[in-house]
Amino acid sequence: MFKTTLCALILGATALTSTAAVAQDWRGDLPVFRVGLLGGENEADRLRNNECFRVALEERLGVEVQLFPAADYAGVMQGLLAEQLDFATLGASAYAGIYMQDNNAVEPIFVGSEADGSTGYVAMMYVRADSDIHTLEDMQGRSLAYADANSTSGYLVPQFELGRMGINDDYFSQTGFGGGHEQAVIAVLNEQYDAGVTWTSGQGEHADGYTRGNFRTMVNNGLLDMNDVRVIWTSGLIANGPAVIRNGVPEEARQIVYDYMATQHESDPECYTSFSMGEGQGWVPVDHSFYEGIVAMREAATQSR
């Protein structure tokens with residue numbers, strides 16, 4: 001009886017030790033979990049708005065979590081492709097750009113939902129409120145600031161939709177890149193460009209910067225008064241960008257990230273609002289099929305260039 005009990009205890013202890021060792025193995029392989037932050041907002045605000053996400057993941061993963069703010073979209077894309085980053089939230093076009101270079105580099109796991117539960121947003125073209133520009137027709141011969149070459153709302157979709165209307169870059173006196181969504185708005189306010197394009201939920205009050213998006217973040221950060229801008233064009237609905245995780249991240253770590261994001265809206269609402277850049281109904285599971293249209297659009301744009 002004693003021998004049987006002793007053997008059971010030894011076997012049980014061995015099993016627990018083995019299980020613990022297996023559980024710790026992935027942390028040895030992934031001592032730091034690296035989160036890429038897209039350009040488009042000044043670095044200090046990006047770090048502040050994402051700090052709660054970093055802390056929450058660090059507590060759950062049991063490894064150090066570091067934030068890496070890139071100067072532009074390409075920085076995060078290349079970081080994921082080079083396995084120097086493990087996670088990021090991307091625009092749909094940036095995800096398409098990664099997929100076109102390596103279709104096994106990252107996996108989209110969630111897409112943000114809007115205040116009405118939808119999973120799409122819009123691009124808006126804006127001008128200074130005191131300008132004499134009220135329509136797209138008024139933009140002929142004027143200058144336009146795109147946000148970033150890898151931005152969906154700040155470049156890909158405006159180019160595509162305006163092109164279908166017969167409006168190409170030569171319609172404007174000048175086009176250029178503002179260096180990010182926030183920077184492009186500031187360039188328009190400073191009269192360096194006549195207009196810019198950015199992303200927004202398109203829902204809620206104009207005065208608030210809508211419920212989510214670049215306008216809302218700038219209003220929240222005290223960088224923009226919506227009375228200073230006028231919207232003159234709005235795109236069709238665009239698929240919200242995905243939260244992606246590098247395919248080489250160990251399965252247990254992936255599951256921890258997944259479980260936190262799946263409940264973040266309810267369990268950590270303040271962080272959800274800060275991390276997702278506004279109001280919404282949480283994160284919705286997603287896979288590559290959600291972005292096939294954007295991939296096709298980006299492939300066509302690449303071929304035409």
TODO: Quick one: which helices (runs of 4 or more DSSP H) lie wholly within the stretch 124-225 and hold at least 1 residues that are exposed (fewer than 15 other Cβ atoms within 10 Å of the Cβ)?
DONE: 157-164
Task: Residue tally, condition surrounded by fewer than 18 Cβ atoms within 10 Å (Cβ to Cβ) and not in a helix (DSSP H, G or I), over the stretch 248-267 - done: 2
Task: Condition check for Gly97: under 30 Å from Phe172 (Cα atoms), in contact with a helix residue (DSSP H, G or I) (Cβ under 9 Å, 6 or more places away or on another chain), in the same structural domain as Trp199 (by TED's automatic domain parsing) and of a type outside the set (Lys, Arg) - done: no
Open item on the list: What's the total number of residues in the stretch 256-271 that are in contact with a Phe, Trp or Tyr (Cβ under 6 Å, 6 or more places away or on another chain) and small (Gly, Ala, Ser)?
Closed with: 0
Task: Every pair of residues 6+ apart whose Cβ atoms lie under 6 Å, when the first sits in the stretch 161-179 and is under 20 Å from Glu41 (Cα atoms) while the second is not small (Gly, Ala, Ser) - done: Phe177/Tyr146
Task: Residue list for the stretch 1-51, filter: basic (Lys, Arg), part of a helix (DSSP H, G or I) and at pLDDT 50 or above - done: Arg27, Arg46, Arg48
Task: Trp233, sole failed condition from (1) in a strand (DSSP E or B); (2) under 17 Å from the mean Cα position of the chain (by Cα); (3) in the same structural domain as Leu189 (by TED's automatic domain parsing); (4) hydrophobic (A, V, I, L, M, F, W, C) - done: (2)
Task: Residues within the stretch 119-169 that are aromatic (Phe, Trp, Tyr) and out of contact with any strand residue (DSSP E or B) (no Cβ under 6 Å at 6 or more places or on another chain), tallied - done: 1
- [ ] Evaluate the following for Gln281: is it over 21 Å from Leu156 (Cα atoms), assigned to a loop (DSSP other than H, G, I, E, B) and either β-branched (Val, Ile, Thr) or more than 15 Å from the chain's Cα centre (by Cα) (or both)?
- [x] yes
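Residues in the stretch 226-237: is at least one charged (D, E, K, R), surrounded by 14 or more Cβ atoms within 10 Å (Cβ to Cβ) and modelled with pLDDT under 95? Quick ask: steps written out before the conclusion?
As a first pass, look at the stretch 226-237 and keep what is charged (D, E, K, R): 228, 230.
Imposing the further condition that a residue be surrounded by 14 or more Cβ atoms within 10 Å (Cβ to Cβ) reduces the set to 230.
Those left that are additionally modelled with pLDDT under 95: none.
Looking for residues that are charged (D, E, K, R), surrounded by 14 or more Cβ atoms within 10 Å (Cβ to Cβ) and modelled with pLDDT under 95, one finds none in the stretch 226-237, hence no.
Quick check, is Glu251 over 29 Å from Ala123 (Cβ atoms), modelled with pLDDT of 95 or more and acidic (Asp, Glu)?
Working: over 29 Å from Ala123 (Cβ atoms): yes; modelled with pLDDT of 95 or more: yes; acidic (Asp, Glu): yes.
When the stated conditions are applied, Glu251 passes them.
The values are calculated or read from the model by the stated rules, or taken from the named source; none is laboratory data. Note that the coordinates shown come from a computational prediction; the quantities given were computed from them, not determined experimentally. Methodologically, a virtual Cβ is constructed for each residue, glycine included, from the backbone with ideal geometry; neighbour enumeration extends over all protein chains shown.
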